[in-house]
Amino acid sequence: MPKWLQILAQVGPYVLALTPAAPLTPFVIAGIQAAEHLPGATGDQKKVIAQQIASIGAQGLNTVKGTQVIDPALVADMTKDAIDAVVQVTNAAHAAATSPAPMQAAPVA
């Protein structure tokens, strides 16, 4: 598994827990992971795929419950925002992990 996806698997659920998409975290993470394996896909194309997978998860939940528990279109929108948050945090974690020297605080005068 690429380092990027390892960080995502560790950080993603914590970031998503702070969003309205929290109950669908497994679908959002699966969507991001699946989209990352699409050769030649742009970031926006990957985001759309991840949104579709999360939306399918919401549809499945609605089917199991026998009623609309959550709007799949709303889930797609929440997933887009959640992906943006996860990507920002994951990029920061990846940058920190691959940085040649740790950041140091400026000396206090």
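Summary table below
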item: Criterion violated by Leu5 - all others in (1) at pLDDT below 75; (2) out of contact with any Asp or Glu (no Cβ under 7 Å at 6 or more places or on another chain) satisfied; result: (2)
item: Complete set of residues in segment 28-46 that are over 9 Å from the mean Cα position of the chain (by Cα) and at negative phi; result: Ala34, Ala35, Glu36, His37, Leu38, Pro39, Ala41, Thr42, Gly43, Asp44, Gln45, Lys46
item: Answer residue from segment 28-75, given it is of a type in the set (Ser, Thr, Tyr) and in a helix (DSSP H, G or I) and is modelled with the lowest pLDDT among those; result: Ser55
item: Scope segment 26-67; condition buried (at least 20 other Cβ atoms within 10 Å of the Cβ) and of a type in the set (Ser, Thr, Tyr); matching residues; result: Ser55
item: Total residues in segment 82-99, condition in contact (Cβ under 8 Å) with a residue 24 or more places away in the chain, small (Gly, Ala, Ser) and either surrounded by 11 or more Cβ atoms within 10 Å (Cβ to Cβ) or not in a helix (DSSP H, G or I) (or both); result: 3
item: Matching residues in segment 76-92 - criterion: being modelled with pLDDT of 85 or more and of a type in the set (A, V, I, L, M); result: Ala76
item: Those residues of segment 15-25 which are surrounded by 18 or more Cβ atoms within 10 Å (Cβ to Cβ), among the small types (Gly, Ala, Ser) and within 19 Å of Ala93 (Cβ to Cβ), in sequence order; result: none
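The values are calculated or read from the model by the stated rules, or taken from the named source; none is laboratory data. Given the structure is predicted, the values throughout are model-derived calculations rather than measurements. Cβ sites come from the backbone with ideal geometry, for glycine too, and all protein chains shown count toward neighbours.
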